[in-house]
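*Asks:* Sharing a structure here in structure tokens format.
The values are calculated or read from the model by the stated rules, or taken from the named source; none is laboratory data. For clarity, every value in this text was computed on a predicted model and none was experimentally measured. Every residue, glycine as well, gets a Cβ built from its backbone with ideal geometry; the counts of neighbours run over all protein chains shown. All accessible areas refer to the heavy atoms of the entire protein, side chains included, with ligands and DNA or RNA removed. Shrake-Rupley method; radii C 1.70, N 1.55, O 1.52, S 1.80 Å.
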Amino acid sequence: MSERTPYLAANWKMQKTVVETKDFLDRFMGGIGDLTGKDIAICPPFTSLAAAVERCRRSPVKVAAQNMHEADTGAYTGEISASMLTSLGVEAVVLGHSERRALFAESDEALSLKVVSALDAGLQPILCVGETDAEREEGSTEDVLRRQLEADLAQVEASRLGTIVIAYEPVWAIGTGETASPEQAEKAIGFARSVVAELDAAAAAQVRILYGGSVKPDNAEELLRSEEIDGALVGGASLDPADFTAICEAAP
Ligand code: PEP
């Protein structure tokens, strides 16, 4: 871990009803120890955001959405805007998760607009980038990271870059039980930071870059002790309050 504040985010994907969200948060808040010096975010489905905001009020835990539309209002049936999220008390938003890129054709062009729209509304973007198994096999991990980061951050002013959270999530490690080794994660995250440095050196020192991909209580400590890895974006293991607590506590 570096001097940047560790950031631990729970991506629940399309899981947990309102009742289940409240139950999780009651158990998580009841069991977690001192969170001083750590940023914790819960990313429930849209339908549970209001309940999560209510339960996290007056706590250090922030609530993040899992997606948003780039426009503020308009004829976009089924979509949600940044200002709708902030009006609920949501503080952050996951953008460009690989499931959205692969299953919902989320483009880098749309993401470049979403990142700016989130920042304009006062939402902290948690921007996900990462290579597929085939891309790693053919040796193009760094090309993919450069392409995604340069495109997705293209419209962001240098002065705002450092406030963004980036999650390096190799697609082959998401939900597979296969975790990147600390060395693999460090190399990719170091490279991602160098791409941000080409945009703005000060931002590169400030930006938090997390690892995501089958983080569990039994591998969290090994990953999170790295100077290069600023935290974790956790999917499956974040559904269980005890497991997510253990991961949060593993962050130094
Ligand atoms: C994710 O969905 O962002 C993720 C990292 O999932 P998992 O932890 O289940 O691999």
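*Asks:* Please work out how much length the chain gains when fully extended from Arg225 to Thr47, using 0.36 nm per residue of separation minus the C-alpha to C-alpha distance, in nm with one decimal.
*Replies:* Contour length minus the Cα-Cα distance gives 60.6 nm.
*Asks:* Calculate the dipole size of the chain relative to its Cα centre from +1 charges on Lys and Arg beta carbons and -1 charges on Asp and Glu beta carbons; express the result in debye to the nearest 20.
*Replies:* Using only the charged Cβ atoms, the result is roughly 900 debye.
*Asks:* Dipole magnitude of the stretch 103-252 about its Cα centre, charges +1 at Lys/Arg Cβ and -1 at Asp/Glu Cβ only, in debye to the nearest 20?
*Replies:* In total the dipole reaches around 420 debye.
*Asks:* At 1.4 Å probe size, with no ligands or nucleic acids counted, give the accessible surface of Glu227 in Å², nearest ten.
*Replies:* For Glu227, the solvent-accessible surface is approximately 130 Å².
*Asks:* Using Cα pairs closer than 8 Å and at least 6 residues apart in sequence, work out the relative contact order for the stretch 81-184, in percent.
*Replies:* Once divided by the residue count of the stretch 81-184, the mean separation gives 30 percent.
*Asks:* First compute the accessible area of the chain with a 1.4 Å probe, then give the percent of it belonging to carbon and sulfur atoms.
*Replies:* Carbon with sulfur: 49 percent of the solvent-accessible area.
*Asks:* Summing -39500 (n - 2.57) over the DSSP H runs of n ≥ 4 in the chain and dividing by its residue number, what mean residue ellipticity at 222 nm do you reach, to the nearest 500 deg cm²/dmol? Before the final figure, lay out the partial values.
*Replies:* Working: 12 runs with 112 residues, N = 252.
That calculation yields -12500 deg cm²/dmol at 222 nm.
*Asks:* With the calculation restricted to Cα positions, what are the radius of gyration and Dmax of the chain in angstrom?
*Replies:* 16.7, 48
*Asks:* What number comes out for the charge environment of Arg4, summing +1 per Lys or Arg and -1 per Asp or Glu over other residues with Cβ under 12 Å away?
*Replies:* Within the 12 Å Cβ shell, the charges total -2.
*Asks:* Using modelled amide H (1.01 Å from N, peptide plane; none on Pro or chain starts), what sits under 5 Å from the amide H of Val94, excluding residues fewer than 5 places away?
*Replies:* Sorted by chain and number, the residues that satisfy this are Ala65, Gln66, Asn67, Ile126.
*Asks:* If you don't mind, another one. List the aspartates and glutamates whose Cα lies under 15 Å from the Cα of Lys22, skipping any in the same chain that are fewer than 8 positions away.
*Replies:* Glu54, Asp240
*Asks:* Any chance you could check the Cα centroid distance between the stretch 127-153 and the stretch 92-111 for me, in angstrom?
*Replies:* That distance is 13 Å.
*Asks:* Over 13 Å, how big is the tail of the calculated P(r) for the stretch 53-100, in percent of all Cα pairs?
*Replies:* 59
*Asks:* Would you calculate the separation in nanometres between label points at Phe191 and Asp23, each defined as 7 Å from the Cα along the Cα-to-beta-carbon direction?
*Replies:* In this crude label model, Phe191 to Asp23 measures out at 4.3 nm.
*Asks:* If you count the DSSP beta bridges with both ends in the chain, what percent of them are antiparallel, to the nearest 5?
*Replies:* Around 0 percent antiparallel, to the nearest 5.
*Asks:* What distance in nm separates the two pseudo spin-label positions at Asp72 and Asp143, each 7 Å out from Cα along the beta-carbon direction?
*Replies:* Roughly 4.0 nm, to one decimal.
*Asks:* Turning to a different aspect of this structure: Using a 1.4 angstrom probe, figure out how much accessible area the stretch 1-81 has per residue, in square angstrom, rounded to the nearest whole.
*Replies:* Per residue, the stretch 1-81 has an accessible area of 49 Å².
*Asks:* Just want the answer: with Cβ charges of +1 for Lys and Arg and -1 for Asp and Glu, which residue in Gln206, Ser48, Gly175 is farthest toward the dipole's positive end in the chain?
*Replies:* Highest projection toward the positive end goes to Ser48.
*Asks:* Evaluate the charge dipole of the stretch 163-203 about its Cα centre and quote only its size in Debye, nearest 20, assuming +1 on the Cβ of each Lys and Arg and -1 on the Cβ of each Asp and Glu.
*Replies:* Its charge dipole is roughly 20 debye.
*Asks:* How large is the Rg to Rh ratio of the stretch 1-114 when both quantities use alpha carbon positions and Rh follows Kirkwood?
*Replies:* My calculation of the ratio gives 0.99.
*Asks:* A further question follows. What does the net charge come to around Thr21 if you take all other residues with beta carbon closer than 12 Å to its beta carbon, with K and R at +1 and D and E at -1? Walk me through the numbers on the way to the answer.
*Replies:* Details: positive: Lys16, Lys22, Arg27, Arg55; negative: Glu20, Asp23, Asp26, Glu54.
Residues close to Thr21 contribute a combined charge of 0.
*Asks:* Under 21 Å Cα-Cα from Lys16, which lysines qualify once same-chain neighbours fewer than 8 residues away are excluded?
*Replies:* Of all the lysines, those that pass the test against Lys16 - Cα under 21 Å, at least 8 places apart if same chain - are Lys62, Lys216.
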